[in-house]
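Following: one structure in structure tokens, then a few remarks.
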Amino acid sequence: MSGIRRRDFVILLGCGTVAAWPLAARAQQPAMPVIGFLEQRSPDASADSLSAFRQGLKDSGHVEHENVAIEYRWADNHMDRLSELAAELARRQVAVIVAFGGPPALLAAKAATTSIPVVFGVGQDPVRLGLVASLARPGGNLTGVSFFNTELAGKRLAFLRELVSGAARVAVLVNSASAANTDITLKDVDTAARALGLQIQVFNASTSREIDGAFKALMRERPDALFVASDSFFTSRRIQLVNLAARYTLPASFAQREFVEVGGLMSYGTNLADMFRQVGVYTSRILNGAKPADLPVVQSTKFELVNAQTARLLDIAVPASLLAIADEVIE
């Protein structure tokens with residue numbers, strides 16, 4: 001009996017050891033890192049930027065669902081939701097938070113955590129916004145890419161004046177809900193307008209209905225041209241804005257080429273696809289162990305000037321000087 005018991009014990013011990021191997025192997029496998037993705041826009045409005053971001057991750061060795069997971073939080077342009085969405089990601093203890101869409105999303109991510117790395121893409125000076133201590137030495141848990149679209153406002157206004165010869169009065173459309181973005185834009189536009197001898201009149205819109213109302217109001221003033229501020233909400237409503245400008249035969253300048261691709265007259269600004277790709281690259285570097293404080297803020301250098309055949313519909317002859325420096329003319 002004792003032999004039988006001993007044999008049974010050995011058999012049971014052996015079976016137990018075999019059964020334990022898969023559990024041990026699984027325990028030794030590292031958990032897939034999770035990226036928290038915070039966006040103040042909707043998934044549809046963010047499709048292009050998200051695709052470029054994923055490409056940046058892929059270029060650096062991280063592929064969603066293969067070796068990295070992404071936890072998404074969308075505010076759908078409800079800015080009051082951003083703080084709670086950012087807090088959810090912080091409680092989830094994600095490996096890194098990526099914040100897109102504008103200063104409100106970035107500031108919400110910054111307020112939510114001082115320990116989880118945050119990577120941003122922003123169109124303003126991140127030092128002025130209080131996101132980092134300096135571009136070269138961010139210092140805290142935030143770093144990312146700055147693409148200076150608001151700082152380009154003055155130059156874009158100069159291009160608009162060159163395109164619309166004889167322009168004296170320019171309407172400026174801003175999103176009143178994005179206070180920081182609006183203040184910086186108006187400061188730069190006002191400085192450039194004085195230098196160019198232009199009169200500007202500001203119109204506000206933060207909803208689709210307000211965009212319609214702003215166009216009715218500005219057309220009563222009959223400006224010579226329209227300057228649409230760089231703003232994520234306006235980008236999401238680009239078809240509406242371009243169609244209204246065409247309906248009122250109003251020459252308009254925009255900050256991104258996406259407006260020109262749907263029929264807008266002209267854009268001057270950063271190549272956003274490249275910027276979002278760089279955010280993906282930085283996110284990958286942090287997943288590989290880099291610290292945000294050691295990663296200087298990238299200053300995007302790919303700028304575009306795009307003119308569309310819309311100029312012919314508006315009976316505008318595009319100056320040869322603009323055509324010579326245009327990265328692309330969409331016909």
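Throughout, read-outs are computed from the coordinates displayed, never taken from laboratory work. These figures come from a predicted structure and were not determined experimentally.
Brief remarks on what is shown
- Measure of compaction for the chain (Cα Rg per 2.2 N^0.38 Å): 1.28
- Note that the stretch 42-131, at 10 °C in a medium of 1.306 mPa s, gets a Stokes-Einstein diffusion coefficient of 115 µm²/s from its Kirkwood radius over C-alpha pairs.
- For residue 172, residues with placed amide H under 5 Å, excluding near neighbours: 201, 202, 203, 227
- Dimensions in Å of the stretch 268-331 - Rg and Dmax from alpha carbons: 18.0, 56
- Helix 272-287 and the long axis of the chain differ in direction by around 20°, with both axes built from C-alpha atoms.
- Cα long-axis angle, helix 179-196 against the chain (0 to 90 degrees, to the nearest 10): 30
- DSSP bridge orientation in the chain - percent antiparallel, rounded to nearest 5: 10
- Tail fraction, Cα-Cα pairs, the stretch 146-206, threshold 20 Å, whole percent: 22
- Per-residue 3J(HN,Hα) values for the stretch 94-100, derived from phi via the Karplus relation 6.51 cos²θ - 1.76 cosθ + 1.60 with θ = phi - 60°, read 5, 6, 7, 10, 10, 10, 10 Hz in sequence order (x marks Gly and Pro).
- In Å, descending, principal axis extents of the Cα set of the stretch 220-331: 55, 31, 21
- Square roots of five times the Cα gyration tensor eigenvalues for the stretch 90-168, Å: 34, 12, 8
- Mean separation of Cα contacts under 8 Å (6+ apart) over length of the chain, as relative contact order %: 19
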